[in-house]
Every structure is written in C-alpha cells, then in structure tokens.
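**Q** One structure is given below, represented as structure tokens, and several questions about it will come after.
Nothing in this text is a laboratory measurement; each read-out follows from the coordinates by a stated rule. Computed from a predicted model, the values in this text were never measured in an experiment. Positions of Cβ are backbone-derived with ideal geometry, glycine not excepted, and every protein chain shown enters the neighbour counts.
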Amino acid sequence: MLEEILSELSETKTRLVAVSKTKPSSAIQDMYDSGQRIFGENRVQELCQKYEVLPKDIEWHLIGHLQRNKVKYIAPFVAMIHAVDSVELLREINKQAAKNERIIDCLLQFKIAEEDSKFGLDEEDILPFLRSGEWKELHNITLKGVMGMATFTDDMEQVRKEFKHLKSIFDQLKNELLNNDQFSEISMGMSGDYSIAIEEGSTLVRIGSLLFGKRNYT
Ligand SMILES: *Cc1c(COP(=O)(O)O)cnc(C)c1O
C-alpha cells in the first residue's frame, strides 16, 4: 500500500505523514526500512516512547491535540506540530523550543468540519494575533501553514467543500499576513479522503489505517 500511495503522491508536491498511532514500533521500523521517514502520532506519551527506541533520523510529527503542559516532553525532538489551536499553545511551544535551542515547525489547526469539532481555530481567533505581528517575535517556532480535518462522512462533496475552505483560509493568510516562503503547508487528507485533499491543494496527507491496517482504538 505504501508504494501505491507514494506513486500517487509522486505526481504532486504532496508529502506523506505515515500515521502510526497505536501501532507497535516494529511496524514503524518496517516502514522505515522501506524508506518512509515522516511519521505522525497523536499522543505525547506514545510519541516519546517510540522516539526513544526508533532511528533518530525519523521526522516526528505530532498531529493530535496538544496540552500546553505536555509541550516540554516533545520539544527536544519533534519536527512539526500540526494542531496548534491557541496563541497560548504557540507561545509555550516557542518557549520550550528555545530551552532546547531548536526551531519547531507549527501548523494552525482550523475548524472546517460541519460537525461540532472540539478543537481548532476560527479565523477570528487568530487574526488579531497575526495582525499584531507578535508571531515575528517568536523566534523558536516557524509558522509553516494550516491543518484541518473534514467531517467524518461518506458525502465527498461535503468533504471537498471543507478542504476548499481550508485552502481559502491558507490563501487569505498567505496573501494578507504571512507572505513568506516558510508559510507553505496545507495538512489535510486522511485514509478515506486523501485523493480529494490532494486535488484541493494538500501538501501533507496524514494516512494511518490505509497503511497500517485498522486500529483497535484511536
Ligand atoms: C488518526 C489520525 C489520522 C489518520 O487517520 P486514518 O483515517 O487512519 O488515515 C489523521 N489525522 C489525525 C489528526 C489523526 O488523529
């Protein structure tokens, strides 16, 4: 399956985040041996345990909700944090990255799903902060782009509409506020909808079950 997905992605600029949550380190090692280097986890503790035992050139992405008091555990090694949903969290990531003399890539998570999702920003939540220019003072984070999750539905037109919405948020932020080379990533698309996400401009797809098989829990 990895090869099929990679060949689909090779015609685009989209990269694959292999979502390995709940899967054993041996499964990650196998995929690493096939050449995959970017892996995504959604829980801090699980991510830290896997980081300890797996090759150090893996690029680890935290894709799930992150509590501020847990940033310190992943700051020494995490490459990208996908689900930044508050300014306070962004400041904490900056602080912990500085302690580790690192720069951590961050994506702003936006609410795009019809269903009432627990996490994610609305544009009004973040525009004042971006307009203030304060983000430029956070020297140990890079605002790399946006992330979103579509509604869990079979209605692919609905999903497409939501991906288009995320792309339009990205374009607006890029044009008005974050017009730099770093701001370049749109993280959208999972096992069930990644092909649509690619059509709508995704640069990072987060694929789990299609690669590793069904999970027993999430
Ligand atoms: C689990 C998860 C995925 C991958 O989901 P699949 O449907 O297994 O591909 C992607 N993104 C996030 C944020 C997740 O938690």
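**Q** Search the structure for amide H atoms under 5 Å from the amide H of A83, placed 1.01 Å from N in the peptide plane, and list their residues when 5 or more places away or on another chain.
**A** Excluding prolines and chain starts, which carry no amide H, the hits are L107.
**Q** For a quick check: sort C48, C106 by the number of other beta carbons within 10 angstrom, fewest at the front.
**A** C48, C106
**Q** Would you mind checking which residues have amide H under 5 Å from G40's amide H? H placed 1.01 Å from N; only 5 or more apart, or other chain.
**A** Answer set, sorted by chain and number: A18, V19, S20, H61.
**Q** What length, rounded to one decimal in nm, is gained on full extension from K99 through to E114, with 0.36 nm per residue of separation minus their alpha-carbon distance? Numbers along the way, then the final one.
**A** Details: separation 15, 0.36 × 15 = 5.40 nm, distance 3.87 nm.
Contour length minus the Cα-Cα distance gives 1.5 nm.
**Q** Another question, then. Mind sorting M147, M80, M190 by how few other Cβ atoms lie within 10 Å of their own Cβ, fewest first? Please report the intermediate quantities before stating the final value.
**A** On the way: M147 27, M80 23, M190 19.
So the ranking, lowest neighbour count to highest, is M190, M80, M147.
**Q** Which ³J(HN,Hα) values in Hz, rounded to whole numbers, follow from the phi angles of segment 70-75 under the Karplus curve 6.51 cos²θ - 1.76 cosθ + 1.60, where θ = phi - 60° and Gly and Pro get x?
**A** 9, 4, 4, 6, 9, 4
**Q** On the Cα set of segment 159-218, report Rg and Dmax in Å, please.
**A** For segment 159-218, the Cα radius of gyration and maximum Cα-Cα distance read 13.6, 43 Å.
**Q** Also, quick follow-up: Give me the Kirkwood hydrodynamic radius of segment 1-56, using the inverse of the mean 1/r over all pairs of distinct Cα atoms, in Å to one decimal.
**A** On the way: mean 1/r = 0.0830 Å⁻¹.
Answer for segment 1-56: a Kirkwood hydrodynamic radius of 12.1 Å.
**Q** Arrange the following residues from fewest to most other Cβ atoms within 10 Å of their Cβ: D85, D181. Walk me through the numbers on the way to the answer.
**A** Details: D85 20, D181 5.
In increasing order of surrounding Cβ atoms, one gets D181, D85.
**Q** Another question about this same structure. Mind grabbing the base-10 log of I(q)/I(0) for segment 85-178 at q = 0.16, 0.18, 0.19, 0.26 Å⁻¹? Debye formula, identical points on the C-alpha positions, no solvent, two decimal places.
**A** Values, matching the q order: -0.69, -0.83, -0.90, -1.35.
**Q** Just from its helices, what would the mean residue ellipticity at 222 nm be for the chain, if runs of 4 or more DSSP H residues each count -39500 (n - 2.57) and the sum is divided by every residue, rounded to the nearest 500 deg cm²/dmol?
**A** On the way: 9 runs with 85 residues, N = 218.
Theoretical 222 nm ellipticity from helices: -11000 deg cm²/dmol.
**Q** Moving on to the next point. Between P55, S202, F212, whose Cα lies farthest towards the positive end of the dipole of the chain when Lys and Arg beta carbons carry +1 and Asp and Glu beta carbons carry -1, centred on the Cα centre?
**A** P55
**Q** Per the Cauchy relation, a quarter of the hull surface: what is the mean projected area of the convex hull of the alpha carbons in the chain, in nm²? Working shown, then result.
**A** Working: hull surface 46.3 nm².
Orientation-averaged projected area of the Cα hull: 11.6 nm².
**Q** Over all pairs of distinct alpha carbons, what does the Kirkwood formula give as the hydrodynamic radius of segment 137-178, in Å? Could you put the intermediate results ahead of the total?
**A** Values: mean 1/r = 0.0837 Å⁻¹.
Kirkwood radius, segment 137-178: 12.0 Å.
**Q** Could you work out the local net charge near D122, counting Lys and Arg as +1, Asp and Glu as -1, over the other residues with Cβ closer than 11 Å to its Cβ?
**A** Numbers: positive: K111; negative: D85, E123, E124, D125.
Cβ neighbours under 11 Å give a net charge of -3.
**Q** About the Cα centre of segment 55-145, how large is the charge dipole given +1 on each Lys and Arg Cβ and -1 on each Asp and Glu Cβ? Please answer in debye to the nearest 20. Display every interim value, and only then the final one.
**A** Working: 13 positive and 16 negative charges, 120 e Å.
For segment 55-145, the charge dipole is close to 580 debye.
**Q** Principal axis lengths of segment 27-98 from Cα atoms, whole Å, largest first?
**A** Between the extreme Cα coordinates on each principal axis of segment 27-98 lie 38, 19, 17 Å.
**Q** Compute the distance in nm between two label points, each set 7 Å from the Cα along the Cα-to-Cβ direction, one at E157 and one at E124.
**A** Going by the 7 Å Cα→Cβ label model, 2.9 nm.
**Q** Grab the beta carbon distance between E199 and D30, set R0 = 30 Å, and tell me the FRET efficiency rounded to 0.05.
**A** 0.50
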